[in-house]
Amino acid sequence: MPATMVSEVHRKRVEARKSKLKEELGSVLVGREEIKLEIGCGHGHWLTDFAASQKDDFFFGIDLIGDRVERANRKAERAELDNIAFIKAEASELVELMPEKVAIESVYVLFPDPWPKKRHWKNRLIYPTFLNKLAERSLQGCRLYFRTDHEEYFDWALHTLESVESWQLVEGAAWPFERETVFQAKAESYQSLVAQRC
């Protein structure tokens, strides 16, 4: 197949995926104005327990793997929570396609893929382009909570957040909710940081 045809097929797939995501977001977030967002929610253990502890807030989790999202939704249903939802989505597409009236109150990124090889660093979530787009959809004072067991990625995240004008590091900020995640249980050690939207 010629490269132009491959490119066109890819473009159409992306358009179809975005159209489906936009429709799903409109349905799931109808009537919502503020969300607490976890990017890379896995099976939803951490966010479901967090939502159970703060029933006046709406929690929203996304992950790239459909099976994880299905299991997370089942977990929320078993807990009989109506203040949480999980969907399959890529973070930058979510930020781009969220309904205009919805704003992010806080965001949690726990043990993301560190993409350790230099040629893959562009895939890291904590990247200036994404951070600036995230800030545009976040409330003033929104806090970004980041935790990793990968020391090099922690240093990367720290320096990246220091380099962008849209976020400011917050020294000594308390972690909003402690509950051991699957990756946290496996980690020998980990580091956390908190940044606030300027």
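Here are the numbers:
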quantity	calculated
Residue list for the range 21-45, filter: outside any strand (DSSP E or B) and acidic (Asp, Glu)	Glu23, Glu24, Glu33
Leading residue by the ranking (nearest to the chain's Cα centre (by Cα)) among those in the range 81-118 that are buried (at least 21 other Cβ atoms within 10 Å of the Cβ) and of a type in the set (Ser, Thr, Tyr)	Tyr108
Top-ranked residue in the range 52-111 [being among the acidic types (Asp, Glu) and either assigned to a strand (DSSP E or B) or touching a Ser or Thr at 6+ places or on another chain (Cβ under 8 Å) (or both); ranked as nearest to Glu178 (Cα to Cα)]	Glu105
Among (1) within 17 Å of the chain's Cα centre (by Cα); (2) open to solvent by less than 80 Å² (accessible area, probe 1.4 Å); (3) free of Cβ contacts under 8 Å to residues at least 60 places away in the same chain - the single one Glu70 does not satisfy	(2)
Enumeration of residues in the range 37-59 that are closer than 23 Å to Glu100 by Cα, over 9 Å from the mean Cα position of the chain (by Cα) and crowded, with 24+ Cβ neighbours inside 10 Å	Phe59
Extreme residue, nearest to the chain's Cα centre (by Cα), among residues of the range 139-180 that are more than 26 Å from Glu100 (Cα to Cα) and of a type in the set (Lys, Arg)	Arg147
Per-region count, the range 119-162, residues among the charged types (D, E, K, R), open to solvent by 10 Å² or more (accessible area, probe 1.4 Å) and part of a loop (DSSP other than H, G, I, E, B)	2
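The values are calculated or read from the model by the stated rules, or taken from the named source; none is laboratory data. All values derive from a computational prediction rather than experimental measurement. Neighbour counts are summed over all protein chains in view; Cβ atoms, including those assigned to glycine, are modelled from backbone coordinates with ideal geometry. The accessibility values were calculated without ligands, DNA or RNA, using every heavy atom of the protein model including side chains. Shrake-Rupley method; radii C 1.70, N 1.55, O 1.52, S 1.80 Å.
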